[in-house]
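Asker: Questions regarding the structure given below will be posed in turn.
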Amino acid sequence: MTLPNATMLKFGYPASTVAETALWSVQVRPQQPTLGALVLVCKEPVTAFGQLSPAAFAELQTVVARVERVLARFTAYQKINYLMLMMVDPDVHFHVIPRYEGVRDYAGIPFADAGWPGPPALAQAVTLDSGAIAGITADLKALWVDVP
């Protein structure tokens, strides 16, 4: 078993974990620029995308395809953005931002895509409390199991 890396821990591992594979962790992003925003963190000890093993690249394809199916059901997004910023958190990871026109609601909390139709407005994110993180994580986990 691989120990969680610093990036996984920063984004709330294990409480925020939607799914894990051998080489990737899918986690709810505590700051939600749009409903369903995730982080996809590589478990390998690498700090550059080109350092990923062939196995991690192969597994990334299946994880991304499943993330897209799950988020389509959860948010009915129109587009999806993958941002590999890695300026603060050194482990290879992506911010997964479902994009949509208008507002989505979760548990009475409105989530507008403030950047639509341009780049995501990360600074205008909704900061989730622990209850909202737990709720979104549980709902996405259930979809992960239900959506092959």
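Asker: At a 1.4 Å probe, what is the % contribution of carbon and sulfur to the accessible area of the stretch 63-142?
Answerer: It is 58 percent, rounded to a whole number.
Asker: Next question. Roughly how big is the chain's charge dipole about its Cα centre, with Cβ charges of +1 (Lys, Arg) and -1 (Asp, Glu), in debye to the nearest 20?
Answerer: Dipole about the Cα centre, nearest 20: 120 debye.
Asker: For the stretch 138-145, what does the Karplus curve 6.51 cos²θ - 1.76 cosθ + 1.60, with θ = phi - 60°, yield as ³J(HN,Hα) per residue in whole Hz, taken in order and with x for Gly and Pro?
Answerer: With coefficients 6.51, -1.76 and 1.60, one gets 4, 5, 5, 4, 4, 5, 4, 6 Hz.
Asker: For the charge dipole of the stretch 41-148, defined by +1 on Lys and Arg C-beta atoms and -1 on Asp and Glu C-beta atoms about the Cα centroid, which residue among V145, P90, A132 has the Cα displaced farthest towards the positive pole?
Answerer: V145
Asker: Accessible area of the stretch 5-46 with a 1.4 Å probe: how many percent of it is carbon plus sulfur?
Answerer: 67 percent
Asker: Taking R0 as 22 Å, what FRET efficiency do you get between S130 and L9 from their Cβ-Cβ distance, rounded to the nearest 0.05?
Answerer: 0.90
Asker: Let me know the shape class of the stretch 1-71, please: from the alpha-carbon gyration tensor, a ≥ b ≥ c as square roots of the eigenvalues, rounded when a/c is under 1.5, otherwise prolate if a/b is greater than b/c, or oblate.
Answerer: Oblate is the answer for the stretch 1-71, as a/c is 1.5 or above yet b/c matches or exceeds a/b.
Asker: Still on this structure, I have one more. Please state the shape class of the stretch 75-148: rounded when a/c is under 1.5, otherwise prolate if a/b exceeds b/c and oblate if not, all from the C-alpha gyration tensor.
Answerer: Judged from the Cα gyration tensor, the stretch 75-148 comes out rounded (a/c under 1.5).
Asker: For Q32, which sequence-distant residues (separation of 5 or more, or a different chain) have an amide H within less than 5 Å of its own amide H, given hydrogens modelled in the peptide plane?
Answerer: Placed amide hydrogens put V126, T127, L128 under 5 Å from Q32.
Asker: Taking H placed 1.01 Å from N in the peptide plane, check which residues at least 5 places from A114 or on another chain put their amide H under 5 Å from its amide H.
Answerer: Long-range HN contacts for A114: A121.
Asker: Normalised by the residues of the chain, what does the relative contact order come to in percent, with Cα pairs under 8 Å and at least six apart?
Answerer: 29 percent
Asker: Please report how far the C-alpha centroid of the stretch 1-55 lies from that of the stretch 67-108, rounded to the nearest whole angstrom.
Answerer: Between the Cα centre of the stretch 1-55 and that of the stretch 67-108, the gap is 13 Å.
Asker: Across the stretch 99-110, in residue order, what do the Karplus-derived ³J(HN,Hα) couplings come to in whole Hz, using 6.51 cos²θ - 1.76 cosθ + 1.60 with θ = phi - 60° and x for Gly and Pro?
Answerer: Rounded to whole hertz, the list is 10, 7, 7, x, 10, 10, 10, 9, 6, x, 9, x.
Asker: In µm²/s, what is D for the chain at 37 °C and 0.692 mPa s, where D = kT/(6 pi eta Rh) by Stokes-Einstein and Rh is the Kirkwood radius from Cα pairs?
Answerer: D, rounded to a whole number, is 214 µm²/s.
The values are calculated or read from the model by the stated rules, or taken from the named source; none is laboratory data. All of these numbers come straight from a predicted model, not from anything done at the bench. Cβ atoms come from the backbone with ideal geometry, glycine included; neighbour counts cover every protein chain shown. Side chains included, ligands, DNA and RNA excluded: accessible areas come from the protein's heavy atoms. Shrake-Rupley method; radii C 1.70, N 1.55, O 1.52, S 1.80 Å.
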